[in-house]
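First comes the structure, then the notes that go with it.
The values are calculated or read from the model by the stated rules, or taken from the named source; none is laboratory data. Remember, predicted model here, so these are calculated numbers, not experimental data. FYI the Cβ positions are ideal-geometry reconstructions off the backbone, even for glycines, and counts take in every protein chain you see.
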Amino acid sequence: MIRISQMKLRAGHAPEEVEREARRLLHLRDGESAQISIARQSVDARKKPDIFYVYTVDCTLAPERERQILKKNRSRNIAAFERPVYTIPVPAAASAGRPVIVGAGPAGLFCALVLAMAGQKPLLIDRGDEIGRRREKVESFWKGGALDPASNVQFGEGGAGTFSDGKLNTGIRDPQGRIRFVLETFVEHGAPQDILYSYKPHIGTDCLQDTIASIRRRITDLGGEVWFRHCLTDIQPAGAGEWALTIECGVGGRKTVLSRQVVLAPGHSARDTFLMLHRRSLAMEAKAFAVGLRVQHPQRLINEAMYGTACPADLPASPYRLAHTHESGRGVYSFCMCPGGYVVNASSEPGRTAVNGMSLHARDGANANSAIVVTVTPEDCAQFLRGAALSPTEALPELFAGVAFQRMLEERAFRAADGAIPLQTYHDFCRGEVTQQPGAVEPQVRGLWKMADVSAILPADLTGAIRDSLRVFDRQIPGFASDDALLAGVESRTSSPLRILRGPDRQCAGFPGIYPCGEGAGYAGGITSAAVDGIRTAEAILAAAGEYGLNKL
């Protein structure tokens, strides 16, 4: 294969120009057979209004012809390339017992898929509903219906990322081809083809939901089982290398399941599960995470800042990425930016309000939104909690200060708007005044909303850091700190405040056969990295059973 890098075409070009330009650069003869595919596509808007798409293109020809082209080539942007292809481990024999995977988010889902493809017939359980029923409950809640604590934006088939932008970009390195396998699996099950080459691939919550359900059906077709409305409530040794899992099923039902391999992929909001595991003495540590508010602007304003006012082409809704070190020393940055999206009520506990961002694949909503967050350490959380009025449910171990801090913020957000999403203009946020009516930025929200004093939700120094940083960001995106920009609270579930410790073999020390996995366990940060962690955990299970070489881990 030959890879062409840094191939530029002006924005607005016809699709067939990609192949035409690749053939020109390789000096291919008219009619010469070649397989040409896009490996990566990005936008170069540094010299507005001259905007270009930048491509990496792969071309496959007969081996002798490739050698001829490369021998004559003088461009550093044309070179031989071999794409890594991920291969599902093939076990030498059936393993003893059936692996049980707790949590049907990306980590659990891809762990189950790889195990099923390796012939292991895993059992995957999730406290929430399958995606169809889950979607009904979420939409009912957004319209003012009751919150189901077991099935909501955080819990259920697909995990928290199912009701999000469906972003698939990741910063992890993976020379074995697992990331490509994840993307190809999504495409195979209905995701748009462009996620294979976009520099910031995203599916969109509308496409992602059907894709997730299709992957689940693949798991069951391969002999795996998936149980919804089943929640892990206890885990204890059962002898002979097995673990006894107590599982609450439905209303009042209970099961005990035995397994030698238990994957814990519960998601970052499974606070009751973390507490149970702590009581069972699984080693954990508190970790830093981020909290903040979600800000909305007209998508038109973001597009003009990124593409210029004289952009000649119809370009997709632009994302942005912003970061600033505040004078207090705290880092403030944009997180989970959703072009053309919506702010959503992402609550999972009664009496507490959390928000997130969501967009459809078309990203055609009127507003852009992003969380503007500040990193907090376990020590910060303990300090913020001192002297704070906490609800009786906050009698948590010291290790859980981050969870207690999240809950405190979510309770403040709930009270600020009587259970709706609290909104406030930036003008009033700076003054601590309740907004009476939104201005030029019309709220694009999924869930009930109410104007309130969002500035009172976070501790004062975090509020100040966000207030000041928006003014800094305004220098990069004019209008970012406009009076009418809308802030919503509270963004508290950016990542898990805890990490379940595991060793090089991915098992908990002293708990052989228990595998913490994914974002909730503290080992990933998004859909793709969580899915890859699930794949690597499946490989570790097969390796521990002696069915597959450790050198591939």
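In region 183-202, the residues that are assigned by TED's automatic domain parsing to the domain that holds Leu109 form Cβ pairs under 7 Å with partners that are among the aromatic types (Phe, Trp, Tyr), at six or more places apart or across chains, as follows: Ile195/Phe186.
So that you can scan it fast, the table gives a plain yes or no per residue for (1) surrounded by fewer than 17 Cβ atoms within 10 Å (Cβ to Cβ); (2) more than 23 Å from Ile125 (Cα to Cα); (3) over 18 Å from the mean Cα position of the chain (by Cα); (4) of a type in the set (D, E, K, R):
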{"residue": "Glu184", "(1), (2), (3), (4)": "yes, yes, no, yes"}
{"residue": "Pro201", "(1), (2), (3), (4)": "no, yes, no, no"}
{"residue": "Trp243", "(1), (2), (3), (4)": "no, no, yes, no"}
{"residue": "Thr246", "(1), (2), (3), (4)": "yes, no, yes, no"}
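Taking the criterion of being touching a Lys or Arg at 6+ places or on another chain (Cβ under 8 Å), among the acidic types (Asp, Glu) and modelled with pLDDT of 90 or more, would at least one residue in region 56-69 satisfy it? There is at least one residue in region 56-69 that is touching a Lys or Arg at 6+ places or on another chain (Cβ under 8 Å), among the acidic types (Asp, Glu) and modelled with pLDDT of 90 or more. Could you tell me which of the residues Leu470, Leu486, Leu462 is more than 30 Å from Leu282 (Cα to Cα), in contact with a Ser or Thr (Cβ under 7 Å, 6 or more places away or on another chain) and buried (at least 20 other Cβ atoms within 10 Å of the Cβ)? Step by step, each of Leu470, Leu486, Leu462 is checked, and only Leu486 is more than 30 Å from Leu282 (Cα to Cα), in contact with a Ser or Thr (Cβ under 7 Å, 6 or more places away or on another chain) and buried (at least 20 other Cβ atoms within 10 Å of the Cβ). Assigned to a loop (DSSP other than H, G, I, E, B) and under 30 Å from Asp272 (Cβ atoms) - does that describe any residue in region 23-33? Looking for residues that are assigned to a loop (DSSP other than H, G, I, E, B) and under 30 Å from Asp272 (Cβ atoms), one finds none in region 23-33, hence no.
Among the residues of region 512-541, which ones are farther than 16 Å from Leu109 by Cα and either at pLDDT below 90 or not hydrophobic (A, V, I, L, M, F, W, C) (or both)? Break it down into steps so the answer makes sense when it comes.
Of region 512-541, the ones farther than 16 Å from Leu109 by Cα are 512-514, 522.
Selection gives Pro512, Gly513, Gly522.
Counting only strands (runs of 3 or more DSSP E) wholly contained in region 479-551, the ones carrying 2 or more residues that are not assigned by TED's automatic domain parsing to the domain that holds Glu184 occupy 486-491, 498-500. Return the residues of region 311-326 that are surrounded by fewer than 17 Cβ atoms within 10 Å (Cβ to Cβ), modelled with pLDDT of 95 or more and farther than 20 Å from Pro201 by Cβ; say none if nothing qualifies. Result: Ala323, Thr325. Among the residues of region 212-253, those that are among the aromatic types (Phe, Trp, Tyr) and closer than 30 Å to Val187 by Cβ comprise Trp227, Phe228.
Just to be sure, is Leu232 aliphatic (A, V, I, L, M), over 16 Å from the mean Cα position of the chain (by Cα), more than 30 Å from Glu82 (Cα to Cα) and buried (at least 18 other Cβ atoms within 10 Å of the Cβ)?
Working: aliphatic (A, V, I, L, M): yes; over 16 Å from the mean Cα position of the chain (by Cα): yes; more than 30 Å from Glu82 (Cα to Cα): yes; buried (at least 18 other Cβ atoms within 10 Å of the Cβ): yes.
When the stated conditions are applied, Leu232 passes them.
Looking only at region 223-258, which residues are among the β-branched types (Val, Ile, Thr) and either assigned to a strand (DSSP E or B) or in contact with a Phe, Trp or Tyr (Cβ under 8 Å, 6 or more places away or on another chain) (or both)? Correct list: Val226, Thr233, Ile235, Thr246, Ile247, Thr256, Val257.
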